[in-house]
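*Asks:* My questions all concern the structure below.
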Amino acid sequence: MAAVIETHELTKIYGRQKAVDHLTFEVRQGEIFGFLGPNGAGKTTTILMLLGLSEPTSGSSHVLGFDPVREPLKVKERVGFMPENVGFYDDMTGRANLQYVARLNSLPDSVSKKRIDDALEKVKLANEANKPVGAYSRGMRQRLGIAEVLIKNPKLIILDEPTMGLDPEGINSTLDLIKLLSVEEGISILLCSHLLHQTQKVCDRVGILNQGSLVAKGTIEELARDGIQLAAPAAGQAEGTTLSLEDIYMRYFQEE
Amino acid sequence: MFTIFRKEIADHFNSTRFLILLCLVVCVALLTTYTVSMNLRSEISGGAKIEYLFLMLFTTSGQFFSLTQFIAFFGPLIGIIMGFDAINRERSAGTLSKLLSQPVYRDAIINAKFLAGIVTIAIMFASLVLLLSGLGMVAIGVVPSGQEAARLAVYMLISIAYVGFWLGMAILFSIILRSIGTAALASVALWIFVSFFVGFGSGLIADVVAPADQNNPEMMLKNARIAAAIGRVSPVNLYSDATSTIMDPYRKTTKSFVLVGPMERISMSRFNNPLSLLQSILVVAPYLTTLVALTAVCFAVSYLVFMRQEVRSI
């Protein structure tokens, strides 16, 4: 399988602090890659470098075959990015917000109308599309954010903490939607989160990031196996039990 | 960039604050023009028509101030109100990172915002001047000559550059300062500083450096020169000097005479002919250039800061 994201020794240093430290990983075509780690682990910094919004101190990366440092516009044309706390123009309607993004992507209005309708249908906001975004609930804003990402027909979607601040129902519907996009449309997804038990439901593979470097990566089963080998099983936990991602995660950080 | 520009323009015209501002400016302008035209009418009725009467609509004061004074004082506020939250509102609403992740160049955002502000200001001024000219024509029954119309056009350009400077200043603050409130206060503080304190300060400093001595004309001249030089730091002074020369063809220089003897005064009034438009423009050209340069510097600094800002903080 071809890789949609490839990084090689990607490093970002802010002042004296290493935000991202020689990070090498890849996201394959069509998979959902969970990019996990505690707050401040360097997840957002990595994303910003992948989108060409921030320049790496050293190392290189390729997104859909383009170098984000050299050709940021080509990357941004093809990659849908939903930032943490996605923002909208509150006085504009949901549809108008999407229309604006479509225009920024230089889509002609004839094309964008259909895409907007489709995207709104997919995130179940078709009935709310003509209300100002200021009146939306948090869950609706999050779904509108996903609709916005879909407008440009991306091959790759990067989601930064898409479930933050949502109620359980909202979390489930968001995750279902993400799964659906991956399965039905074949879109590759990079999902950033610090909430592990949620992401393990949808991710094909995960990478665990701590203090700027990748401490583990692989499928959840692989990690569970390695996790057992890495540390002695905790008291009361029988050998061979499948660990949840949470357990794996805790193990890695207990070792610190 | 055109997309952002279009949205920004629409935002300006839809926003409540722009409407309030426009209402305020139009009300004051109408009122002033009305009182001025009434005064002019009673003063000149019966006499021969004065040359450049039409321009006097804008330069003579009505109840409290003339229209040009009003714009000199109030114009900065228009610029500030339109620019103080240009970037940091997007930042705090989270729309800036979204905007930046779309396939647009980063400078397109700031260019479009600045341009949209300038165009809005230009539309506002153009409609204001046209409206007042129409009102003036009806009220005093005088049609502006070509010369006067041209002077009005130049006046408009200077005013746009002037308000544009304040717009650039406000946008700069909105980039540097994270909080919308702080940015607004900083711009207003700067405005008050250059409007009032530079005026007081220049006199004070001049008195310290070269105390004015009634019996020593050279010292008095030096004092006045220093005061004027310091005053020129302020765009408000630049603007009022420039516009008063443009709007009053009888003013041949932006400088005020310190000492004029009675004989000189007589000889000056004997040769008191209006300057041609080109000559007036020549007199104010340095002022205009400085204003435009200040605006350009403001914009350039904003541009650089914005382009270099780490996205992390966005």
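The values are calculated or read from the model by the stated rules, or taken from the named source; none is laboratory data. Everything numeric here is computed off the predicted structure, so don't read it as measured data. Quick reminder, even Gly has a Cβ in these numbers, built from the backbone with ideal geometry, and neighbours come from all protein chains shown. Accessible surface areas use protein heavy atoms only, side chains included; no ligands, DNA or RNA. Shrake-Rupley method; radii C 1.70, N 1.55, O 1.52, S 1.80 Å.
*Asks:* Can you compute the modelled spin-label distance between A:HIS22 and B:PHE13, with each label point 7 Å from Cα toward Cβ, in nm?
*Replies:* Rounded to a tenth, the inter-label distance reads 5.9 nm.
*Asks:* Next up: With loop defined by DSSP as not H, G, I, E or B, and exposure as at most 14 other Cβ atoms within 10 Å, which is the longest segment of chain A clear of exposed trypsin sites (Lys or Arg not before Pro)?
*Replies:* On the way: sites that count: A:ARG16, A:ARG70, A:LYS124.
Maximal segment without exposed cleavage sites: A:125-256.
*Asks:* Identify all lysines with a Cα-Cα distance to A:LYS43 below 28 Å; exclude those on the same chain that are fewer than 8 residues away in sequence.
*Replies:* Excluding near neighbours in sequence, the set is A:LYS12, A:LYS18, A:LYS74, A:LYS76, A:LYS122, A:LYS152, A:LYS155, A:LYS179, A:LYS201, A:LYS217, B:LYS98.
*Asks:* Shielding by partners for A:75-82, please: the mean number of other protein chain Cβ atoms within 10 Å of each residue's Cβ.
*Replies:* Mean partner-chain Cβ count within 10 Å for A:75-82: 3.
*Asks:* Using 1/(1 + (r/R0)^6) with R0 = 22 angstrom and r between the beta carbons of B:PHE2 and B:ALA300, what's the FRET efficiency to the nearest 0.05? Spell out each step's value before the answer.
*Replies:* Working: r = 22 Å, r/R0 = 1.01.
After rounding to 0.05, the efficiency reads 0.50.
*Asks:* Looking only at other chains, what is the average number of their beta-carbon atoms within 10 angstrom of each beta-carbon in A:87-94? Show your work: numbers first, answer last.
*Replies:* On the way: counts 10, 4, 7, 2, 3, 4, 0, 0.
What the average comes to for A:87-94 is 4.
*Asks:* Dipole of the protein assembly as shown, Cα-centred, from +1 at each Lys and Arg C-beta and -1 at each Asp and Glu C-beta, to the nearest 20 debye?
*Replies:* On the way: 50 positive and 49 negative charges, 353 e Å.
Using Cβ point charges on Lys, Arg, Asp and Glu, the protein assembly as shown gives about 1700 debye.
*Asks:* Additional query: Starting from the 7 Å offset along Cα-to-Cβ, what nm value, one decimal, do you get for the label separation of B:LEU282 and B:GLN147?
*Replies:* 1.6 nm
*Asks:* What nm distance separates the two modelled labels at B:ARG106 and A:ALA135, each placed 7 Å from Cα along Cα→Cβ?
*Replies:* The modelled label-to-label distance comes out at 3.8 nm.
*Asks:* Next question. Any idea what angle helix A:168-185 forms with the longest principal axis of chain A, computed on alpha-carbon atoms, 0 to 90 degrees, nearest 10?
*Replies:* Once rounded, one gets 80 degrees.
*Asks:* Still on this structure, I have one more. Could you give the size of the charge dipole of chain B about its Cα centre, using +1 on the Cβ of each K and R and -1 on the Cβ of each D and E, expressed in debye and rounded to the nearest 20?
*Replies:* 520 debye
*Asks:* Shifting gears a bit: By a straight-distance test (C-alpha under 20 Å), which aspartates and glutamates pair with A:LYS114 as possible cross-link partners, with residues fewer than eight away in the same chain excluded?
*Replies:* Output for A:LYS114: A:GLU77, A:GLU128, A:GLU148, A:GLU184, A:GLU185.
*Asks:* Of B:ILE71, B:ALA150, B:ILE118, whose Cα points farthest to the positive end of the dipole of the stretch B:64-153 (charges on the beta-carbon: +1 Lys, Arg; -1 Asp, Glu; origin at the Cα centre)?
*Replies:* B:ILE118
*Asks:* Calculate, for B:LEU53 and B:PHE193, the FRET efficiency according to 1/(1 + (r/R0)^6) with r their C-beta to C-beta distance and R0 35 Å; round to the nearest 0.05.
*Replies:* 0.40
*Asks:* Right, next: Roughly how many percent of the accessible protein surface of the stretch B:38-109 is carbon and sulfur, given a 1.4 Å probe and a whole-percent answer? Let's see the in-between values first.
*Replies:* Working: 1600 of 2880 Å².
After summing per-atom areas, the C and S share lands at 56 percent.
*Asks:* Using only DSSP helix segments of four residues or longer, with each worth -39500 (n - 2.57), what per-residue ellipticity at 222 nm results for the protein assembly as shown after dividing by its residue count and rounding to 500?
*Replies:* Details: 23 runs with 337 residues, N = 570.
-19500 deg cm²/dmol, from helical runs alone.
*Asks:* Using alpha carbons only, how many degrees (0 to 90, rounded to 10) separate the axis of helix A:138-150 from the longest principal axis of chain A?
*Replies:* Computed tilt is about 80 degrees.
*Asks:* Add +1 for every Lys or Arg and -1 for every Asp or Glu among the other residues with Cβ under 14 Å from the Cβ of B:SER179, and state the total. Working shown, then result.
*Replies:* Values: positive: B:ARG89, B:ARG91, B:ARG178; negative: B:ASP85, B:GLU90.
So the environment of B:SER179 carries a net charge of +1.
*Asks:* Another question about this same structure. Rounded to the nearest 10 degrees, what's the angle between the helix B:180-192 long axis and the longest principal axis of chain B, both from Cα atoms, 0 to 90?
*Replies:* 10 degrees
*Asks:* Something else now. In a GNM of chain B with a 10 Å cut-off on Cα contacts, which of B:LEU152, B:LEU99, B:LEU30 has the highest mean-square fluctuation?
*Replies:* Among B:LEU152, B:LEU99, B:LEU30, the largest mean-square fluctuation in the Gaussian network model of chain B belongs to B:LEU99.
*Asks:* Next question. What FRET efficiency comes out for the pair A:ASP176/B:SER92, r = Cβ-Cβ distance, R0 = 45 Å, nearest 0.05?
*Replies:* It comes out at approximately 0.90.
*Asks:* Moving on to the next point. Can you tell me the length gained on complete extension of the stretch B:PHE73 to B:ARG178, counting 0.36 nm per residue apart and subtracting the Cα distance?
*Replies:* Separation in residues times 0.36 nm, less the Cα-Cα distance, equals 35.1 nm.
*Asks:* May I pose another question? Expected output is a single nm value to one decimal: the length gained when fully extending between B:ASN39 and B:ALA212, i.e. 0.36 nm times separation in residues minus the C-alpha distance. What is it?
*Replies:* Gain on extension, B:ASN39 to B:ALA212, equals 58.5 nm.
*Asks:* Take peptides B:294-306, B:190-202 and line them up by average Cβ neighbours within 10 Å, highest first, as a rough protection proxy.
*Replies:* In decreasing order of mean packing, B:294-306, B:190-202 become B:294-306, B:190-202.
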